Amino acid sequence: MSDTAGHDAAGAWRELAGQVDGCRACDLGLVRTHAVPGDLPDPYDGGPVPLLLVGEAPGADEDALGRPFVGRSGRLLDQLLDEAGLDRTGVAVANVLKCRPPGNRAPRARELAACRPWLHRQLALLQPRVVVTLGGSATTWFFGRGARLTTLRGRPHEVDGRTVFATYHPSAALRFGPRGAPLAGLREDLGTVAGWLAR
Ligand code: URA
């Protein structure tokens, strides 16, 4: 990939981020502090990214800083990525909702529908080798309603021509604690993804 192409792709991402910032397709755009478009790998050469992690929606820390997974869940995620041999700076990160729902309530159907085109555009731009969905909202985004994390996790799936792994959300890992199934599952699944990427 040439430098020019790299700059073009990074420029396209910045342009998209600016559009997300101005989005008023649902009411969340009126109440959030910052929109959170997502993170590119750093550096980004403009080619397909190896891995895109997709979460649910920004929380309070992400809303304050305008970046995904920078709060408690993010710190756990960084640690587990590191354990799996995956450097957070080398992966792209996004959410199905780009704006924080007040009080971290669950995303509403009309918000998910309004925000859906942004993630479609991000997928088209980044062409990730692998997508990892973190938790129920992101898993439903890719697999549809009725998708069950417990039956999907642990192996790659082909969804609309993309390779997608589904796993637990780090907030579930925090909620259920160090002996809970979500932490063990998330740790194991990120290890499986790292192995898949290294093939
Ligand atoms: N939870 C998410 O789903 N996304 C974030 O960016 C932070 C917390």
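Things worth noting here:
- Within segment 66-147, helices (runs of 4 or more DSSP H) holding 2 or more residues that are within 15 Å of the ligand (Cβ to nearest atom), out of contact with any Ser or Thr (no Cβ under 6 Å at 6 or more places or on another chain) and free of Cβ contacts under 8 Å to residues at least 24 places away in the same chain: 72-83
- All positions within segment 148-170 that are closer than 20 Å to Gly191 by Cβ and either of a type in the set (Ser, Thr, Tyr) or part of a loop (DSSP other than H, G, I, E, B) (or both): Thr150, Thr151, Arg153, Gly154, Arg155, Pro156, Thr163, Thr167, Tyr168, His169
- Residue match in segment 47-65 (condition: without any contact (Cβ under 8 Å) to a residue 24 or more places away in the chain and part of a loop (DSSP other than H, G, I, E, B)): no
- The residues of segment 29-43 that are within 22 Å of Leu80 (Cα to Cα) and more than 13 Å from the ligand (Cβ to nearest atom), listed by number, are Leu40, Pro41, Asp42, Pro43.
- Within this structure, Ala10 passes the test of being aliphatic (A, V, I, L, M), modelled with pLDDT under 95 and surrounded by 13 or more Cβ atoms within 10 Å (Cβ to Cβ).
The values are calculated or read from the model by the stated rules, or taken from the named source; none is laboratory data. Values in this document were obtained by computation on a predicted structure and should not be read as measured data. All Cβ positions, even for glycine, are placed from backbone atoms using ideal geometry, and neighbour counts span all protein chains on display.
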